Amino acid sequence: MAKKREITDIFDQDCRRTGRTLVRGEKAKEGEYLMAAAAVVWADGCYLVTKRSPQKTMAGMWEFPGGGSRKGEEPMDTLLRELEEETGIRASREQVTFLKRVYYEKYHLFMQVFLVEAQVKMEEVRLQEEEVCAAMFVTPQELKELYSSMTEIDKQIFTEAVNGLF
């Protein structure tokens with residue numbers, strides 16, 4: 001069975017939908033921007049990080065769960081969907097707080113970063129093997145130590161949105 005092509009909205013520099021779309025994987029042109037959401041999951045004094053699967057670009061790098069928005073999807077909905085798909089964690093809107101919008105120039109990407117305060121244990125995490133090959137909860141100090149093993153966008157998320165939390 002062929003994989004369904006995902007369609008995403010194109011945004012302008014002010015994060016407004018332009019009415020145009022792009023097939024996931026295609027590059028945005030000059031003046032076009034994509035939208036994604038990342039979950040900074042905080043549970044019992046630790047952060048959840050996931051490791052990218054071997055078949056993905058940047059394989060083996062650590063990151064915060066998240067991913068790209070689908071056509072018509074709001075960032076909060078992207079966050080909740082991606083978090084559940086990648087980790088099995090079902091968060092409610094009440095557990096989520098917007099932290100910051102991070103701009104990742106390399107991919108013309110606006111990353112909406114959210115704090116998710118959840119009561120979840122590692123044994124409850126269910127990984128989506130196509131996306132994630134490992135996950136762990138780390139203390140703020142351990143997260144700092146993982147920095148060199150994180151993807152470039154997640155280093156930026158850490159620096160601009162997470163580091164100030166502790």
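So how many residues does segment 14-53 have that are in contact with a Gly (Cβ under 7 Å, 6 or more places away or on another chain) and outside any strand (DSSP E or B)?
Result for segment 14-53: 1.
Go through (1) over 19 Å from R126 (Cβ atoms); (2) of a type in the set (F, W, Y); (3) crowded, with 16+ Cβ neighbours inside 10 Å one by one and return the number of the condition F64 breaks.
Only one criterion in (1) over 19 Å from R126 (Cβ atoms); (2) of a type in the set (F, W, Y); (3) crowded, with 16+ Cβ neighbours inside 10 Å is unmet by F64, namely (1).
On the given criteria, is E145 in contact with a strand residue (DSSP E or B) (Cβ under 9 Å, 6 or more places away or on another chain) and surrounded by 13 or more Cβ atoms within 10 Å (Cβ to Cβ)?
no
Mind checking whether some residue in segment 105-114 is more than 25 Å from K4 (Cα to Cα) and at pLDDT 95 or above?
yes
Given the conditions (1) among the charged types (D, E, K, R); (2) touching a strand residue (DSSP E or B) at 6+ places or on another chain (Cβ under 8 Å); (3) without any contact (Cβ under 8 Å) to a residue 40 or more places away in the chain, which single one is not true for R101?
Among (1) among the charged types (D, E, K, R); (2) touching a strand residue (DSSP E or B) at 6+ places or on another chain (Cβ under 8 Å); (3) without any contact (Cβ under 8 Å) to a residue 40 or more places away in the chain, the lone unmet condition for R101 is (3).
If we keep just the residues of segment 69-119 that are β-branched (V, I, T), under 13 Å from the mean Cα position of the chain (by Cα) and outside any strand (DSSP E or B), which is farthest from C133 (Cα to Cα)?
Step by step, filter segment 69-119, then rank; the result is T78.
Checking the condition part of a strand (DSSP E or B), of a type in the set (G, A, S) and out of contact with any helix residue (DSSP H, G or I) (no Cβ under 6 Å at 6 or more places or on another chain), which residue from A161, A134 passes?
A134
Please go through segment 30-56 and give me each residue that is exposed (fewer than 13 other Cβ atoms within 10 Å of the Cβ) and either acidic (D, E) or more than 19 Å from E130 (Cβ to Cβ) (or both), ordered by number.
E30, G31, D44, G45
Taking A59 and the conditions (1) exposed (fewer than 15 other Cβ atoms within 10 Å of the Cβ); (2) within 15 Å of Q112 (Cβ to Cβ); (3) among the aliphatic types (A, V, I, L, M), which numbered condition does it fall short on, given that it satisfies the others?
Status for A59: all satisfied but (2).
Of all residues being of a type in the set (A, V, I, L, M) and surrounded by 15 or more Cβ atoms within 10 Å (Cβ to Cβ) in segment 121-142, which is farthest from D44 (Cα to Cα)? Just the residue, please.
Among residues in segment 121-142 that are of a type in the set (A, V, I, L, M) and surrounded by 15 or more Cβ atoms within 10 Å (Cβ to Cβ), the one farthest from D44 (Cα to Cα) is V132.
The values are calculated or read from the model by the stated rules, or taken from the named source; none is laboratory data. Because the structure is predicted, anything quoted here is derived from the model rather than measured. For neighbour counting, all protein chains shown are included, and Cβ atoms are generated from backbone atoms with ideal geometry for every residue, glycine included.
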